[in-house]
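Quick notes on the structure that follows.
The values are calculated or read from the model by the stated rules, or taken from the named source; none is laboratory data. No experiment lies behind these values; they were computed from the predicted model shown. Cβ: placed from backbone, ideal geometry, glycine included. Neighbour counts: every protein chain shown.
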């Protein structure tokens, strides 16, 4: 649902623009309002999950998502539409870390089962993205654009109805919520995401982009300084010294920064160069989606058990880089079967190999009482990486491209090569920073002994 709500609106945007009188520039904020709220509130969502119980925050997130979906569907003007989308993002920011915490609570005691559960969790993302493209096309064509939001209502009702019986209560912790820290970090992250998502249209050196970006960095600096002084901080800064946490989050950051541009440019190539419609483009991406799902659910857990999470994270990022290089050779007169399908299957295999082990390392490296915080951190890194990667590669593609089919293809090729470089850097960082769980555990035990 969290991923579907980012992809389902694409086909509906032209009708929304006509009915609600969006300007061409303002229309992008139907997407951006969701992303800014989601990315900015993830850390708060993780902390709330730890303090008040993952199930309670999970259900609260779904209630907020439902309210936002209803508002967005009923909107008859631009401000109400954007508020509804921001509420959807806020609800998703509670759902995502709480869902990971619940998953870790249920399956964390058995590494094999946890790996398989994370595989199913990871496979839900491409399934949601593809479902969004299909449902967006169907609902817009045969109903109307508000139904891309109303579709959430029955699904949310089912989730809220069954959550009390199928989800564990979870543990709560005594402690205070650092409201000042929550406001500061949320504003800082939201400002940075805001700067990133508007940079391709406004320019990286425009006054608005620089003010938002530098202001966000300053707010995060104030947040870090405040956390170091508090007895019960929103984010315990020492958590980043935990073996594998920083390396796993870096892997997730670079994975998102490479993967999202790939998905974006492939869609554009299919539609703008090969001439496929939005719905047909969604169908063309089904082999990629199925490869990821099968790879995550059936193949990745076995490979992780045999070779270990570090090896698989490195191999996955390297494979993703290779597939992106292959995609850079696409032609203005190309075809889906030759220029797109083989290379995207390679990238899908890389994503399937890298996502699960890096996510598992990030979650398993912290004590259970901080699982929500770890989930919020890893989700934030993936989302921020996705936003930065897409904005940067869009700028690269624009600089290298030109009008016409050949110029567009040149731009996409440059974007794919840039994304391949990002994935390669991620693989290198994983080699340098990640350790096997046994070694990390030994280092942590030794550190505790020294401290004692």
*Report the residue count in segment 220-254 for those that are touching a helix residue (DSSP H, G or I) at 6+ places or on another chain (Cβ under 6 Å), at pLDDT below 85 and not in a helix (DSSP H, G or I).*
4
*Does residue 156 fit the bill of being in a helix (DSSP H, G or I) and under 25 Å from residue 252 (Cβ atoms)?*
no
_Selection from segment 23-59 of residues that are closer than 17 Å to residue 136 by Cβ and either outside the structural domain of residue 83 (by TED's automatic domain parsing) or not in a helix (DSSP H, G or I) (or both)_ = 28
*Counting only residues that are under 17 Å from the mean Cα position of the chain (by Cα) and closer than 14 Å to residue 129 by Cβ, give me the helices (runs of 4 or more DSSP H) lying completely in segment 255-321 with at least 2 of them.*
286-294
*Looking at this structure, is residue 367 within 30 Å of residue 54 (Cβ to Cβ) and out of contact with any helix residue (DSSP H, G or I) (no Cβ under 8 Å at 6 or more places or on another chain)?*
yes
*Might you let me know whether segment 62-69 holds any residue that is surrounded by fewer than 19 Cβ atoms within 10 Å (Cβ to Cβ), at pLDDT below 95 and not assigned by TED's automatic domain parsing to the domain that holds residue 381?*
no
*Of the residues in segment 326-349, how many are part of a helix (DSSP H, G or I) and closer than 28 Å to residue 405 by Cβ?*
15
*Name the residue, out of 163, 209, 169, that is outside any helix (DSSP H, G or I) and either on the phi < 0 side of the Ramachandran plot or without any contact (Cβ under 8 Å) to a residue 40 or more places away in the chain (or both).*
169
